[in-house]
1. Inspect segment 129-148 for any residue being closer than 20 Å to Ser82 by Cβ, of a type in the set (Val, Ile, Thr) and modelled with pLDDT of 90 or more and give the result as yes or no.
2. Would you be able to tell me the number of residues in segment 124-159 that are part of a strand (DSSP E or B), surrounded by 15 or more Cβ atoms within 10 Å (Cβ to Cβ) and within 20 Å of the chain's Cα centre (by Cα)?
3. In this structure, is Ser57 in a helix (DSSP H, G or I) and closer than 23 Å to Leu196 by Cα?
4. Answer yes or no as to whether Leu84 is of a type in the set (A, V, I, L, M) and touching a helix residue (DSSP H, G or I) at 6+ places or on another chain (Cβ under 8 Å).
5. If you scan segment 149-177, which residues turn out to be in contact (Cβ under 8 Å) with a residue 60 or more places away in the chain, of a type in the set (Val, Ile, Thr) and under 20 Å from Arg87 (Cβ atoms)?
Amino acid sequence: MKKGFTPLQVMKSALRRKLFGCQQENIKLVTGFTLVETLVAVSILTLAIAGPLAVSSLAISESQHARNQITASYLAQDAMESVLNLRDANFIIGNDWLTDLVPCDATTDDKIHCQLSSQKPLLAVSACVTNVPCPKLKYSATTGFYSYESADSESIFTRDIKIKKVGTTDNNILITVTMTWPEANGSQTYTLKSFLNKLQ
């Protein structure tokens, strides 16, 4: 043993005698977490977990909202293209260009609106009950199409179509397609408008 060096075991024994006033060598100092330390550790862990969970929940909600908006925009464009097809078909066969679109004419009454199914062999236009939303579109999981077929499942989307004559002649119309659907933060709306001219 080196001179002037106190072994660790001797120091521990001296410390025990000083603290406890006894000569017992088998007394051990107990160390560990206190209740406060445990609570602090649990709180930090909770905050570390809650943050990413909140961000993930928000991301899921935003992705669903984006998906619904994209679907609504496609359905509105589908209705707009269908009205355009009706106009062209009427021109080709020699009918008045607004034939079949009369149920949608809201020129004199803004409460008038109609529904249009583009998935039938011939485009089908029918008036909705005045001042009442049109029925919800139905979705076919087999074909991936939206329509008003009774065999399909009801979707969350409602599509209203209005046509208003512009000017003093019947040569120009304004088409308004309004999509509505529910979400967790309330009802959502997407509106698409376009002018359409009579083919000469």
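1. If we filter segment 129-148 for residues that are closer than 20 Å to Ser82 by Cβ, which is where we start, we get 133-140, 143-148.
In the following step, the residues that additionally are of a type in the set (Val, Ile, Thr) were identified as 143.
Remaining after also requiring modelled with pLDDT of 90 or more: none.
No, segment 129-148 has no match at all.
2. Residues meeting the conditions: 10.
3. Here the answer is no, as Ser57 does not meet what is asked.
4. Values: of a type in the set (A, V, I, L, M): yes; touching a helix residue (DSSP H, G or I) at 6+ places or on another chain (Cβ under 8 Å): no.
When the stated conditions are applied, Leu84 does not pass them.
5. As a first pass, look at segment 149-177 and keep what is in contact (Cβ under 8 Å) with a residue 60 or more places away in the chain: 156-157, 159, 161, 163, 165, 170, 173, 175, 177.
The next check asks that each one be of a type in the set (Val, Ile, Thr); those that pass are 156, 161, 163, 173, 175, 177.
Across segment 149-177, the qualifying residues are Ile161, Ile163, Ile173, Ile175, Val177.
The values are calculated or read from the model by the stated rules, or taken from the named source; none is laboratory data. Everything quoted here is computed from the prediction, not taken from an experiment. All Cβ positions, glycine included, derive from the backbone under ideal geometry; neighbour counts span all protein chains shown.
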